[in-house]
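The values are calculated or read from the model by the stated rules, or taken from the named source; none is laboratory data. On a predicted model such as this, the values are computed, not experimentally measured, just so you know. Ideal geometry is used to build each Cβ from the backbone, glycine not excepted, and the neighbour counts take in all protein chains shown. Ligands, DNA and RNA are stripped out before the accessible areas are found, and what is left, the full protein with its side chains, is counted by its heavy atoms. Shrake-Rupley method; radii C 1.70, N 1.55, O 1.52, S 1.80 Å.
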Amino acid sequence: MITVKNLSYTYPKNPLPTVKNINFEIKEGKIFGFLGPSGAGKSTTQKILIKLLSNFQGEIQISGKKLKNWNSEFYNHIGVGFELPNHYLKLTALENLKFFSTFYTRKPESYIRLLGMVGLQEDANKKVENFSKGMKMRLNFIRALMHDPEIYFFDEPTAGLDPVNARNIKDIILDLKAKGKTIFVTTHNMHDADELCDRVAFLVDGEIKLIDSPHDLKLKNGERKLRVEYMNDKTQIVEFDMDGLGKNKNFIEIINKYKIQSMHSEEASLEDIFIKVTGRNLL
């Protein structure tokens, strides 16, 4: 659905490129994550893909057509959730949605249903200037959905949200994937990326250091050990090699004889792997 080859971009008056010869592809119906610290080039890449920045070097194809050959019809096929809310503050939530829907060929069946998806139905007629940051973020998010495009671009989709609303946004994104939508997510939140993405790219200083699935990354970089916590008068913790675990007499004795409090494989987190591969943290 999206193919990027040898993409580079340098901002005017900037002597060094922000994006440096990157390559990746996103298959239809998959979620692809761009992971990296602030200033890595994530948002710049997204701005290029949604035609907010031009004069790039390289080749981009979206839905089988070169990006440079798309006209304004392109925006009927993509939905964009920006990192920072951008609404008309003197308009109500409902008025904002109705105004922005005039940009698209397809209209939502129900604006109230859209607002209800993110818990804003009771605030439909409230001016956005009176919204909290989290409410503005949720309104920003559903603006990307209202014309039912095939491709979505979300920049830090859960930033500024409480855990309940963040969970809801992630559930909506996963539901979009289940409907066959293609989704590009930029984030420095490794927990979101691990939960949402089929594949991730580690981006540092405008360069992609690694592309793989979160599952495979954790298998390749984790230790093949099982950490068992059990009660024997007091809490005991022991580790076992996972190879030959079924024949390990000590392990079998523990799980048969004692109360198991927890049992975890010693897999690496995406953040651990990012630091290991790039030598950088996410701040």
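Look at region 214-232: where a residue is free of Cβ contacts under 8 Å to residues at least 60 places away in the same chain and a partner is among the small types (Gly, Ala, Ser) and open to solvent by less than 30 Å² (accessible area, probe 1.4 Å), sitting 6+ places away or on another chain with Cβ atoms under 6 Å, you get 218/268; 221/268; 222/268; 229/262.
Taking first residues from region 1-12 that are touching a residue at least 60 places away in the same chain (Cβ under 8 Å) and partners that are open to solvent by 60 Å² or more (accessible area, probe 1.4 Å) and not in a strand (DSSP E or B), the Cβ contacts under 6 Å between residues at least 6 apart in sequence or on separate chains come to 1/28.
Residues being under 18 Å from residue 173 (Cα atoms), of a type in the set (Gly, Ala, Ser) and in a loop (DSSP other than H, G, I, E, B): count how many of those fall in region 110-152. Residues in region 110-152 being under 18 Å from residue 173 (Cα atoms), of a type in the set (Gly, Ala, Ser) and in a loop (DSSP other than H, G, I, E, B): 2 in total.
Considering only residues of region 22-39 that are farther than 11 Å from residue 198 by Cα, buried (at least 16 other Cβ atoms within 10 Å of the Cβ) and not small (Gly, Ala, Ser), which is modelled with the lowest pLDDT? Even if it seems obvious, please write down each step before you answer.
Initially, region 22-39 is screened for residues farther than 11 Å from residue 198 by Cα, giving 22-25, 28, 34-39.
Checking which are buried (at least 16 other Cβ atoms within 10 Å of the Cβ) leaves us with 22, 24, 34-37.
The next check asks that each one be not small (Gly, Ala, Ser); those that pass are 22, 24, 34-35, 37.
On the way: 22: 96, 24: 96, 34: 92, 35: 90, 37: 82.
Looking at the filtered set, the residue picked out is 37.
Scanning region 185-192 turns up no residue that is at pLDDT below 95, touching a helix residue (DSSP H, G or I) at 6+ places or on another chain (Cβ under 8 Å), surrounded by fewer than 19 Cβ atoms within 10 Å (Cβ to Cβ) and closer than 30 Å to residue 92 by Cβ.
For (1) within 17 Å of residue 156 (Cβ to Cβ); (2) out of contact with any Asp or Glu (no Cβ under 8 Å at 6 or more places or on another chain), each residue gets a yes or a no:
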residue	(1), (2)
168	yes, yes
209	no, yes
212	no, yes
232	no, yes
239	no, no
266	no, no
270	yes, no
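The residues listed here are 150, 83; of these, the one that is at pLDDT 95 or above, within 20 Å of the chain's Cα centre (by Cα) and closer than 24 Å to residue 25 by Cβ is 150.
Does residue 59 satisfy the criteria of being at pLDDT 95 or above and open to solvent by less than 80 Å² (accessible area, probe 1.4 Å)?
On the way: at pLDDT 95 or above: yes; open to solvent by less than 80 Å² (accessible area, probe 1.4 Å): yes.
Yes.
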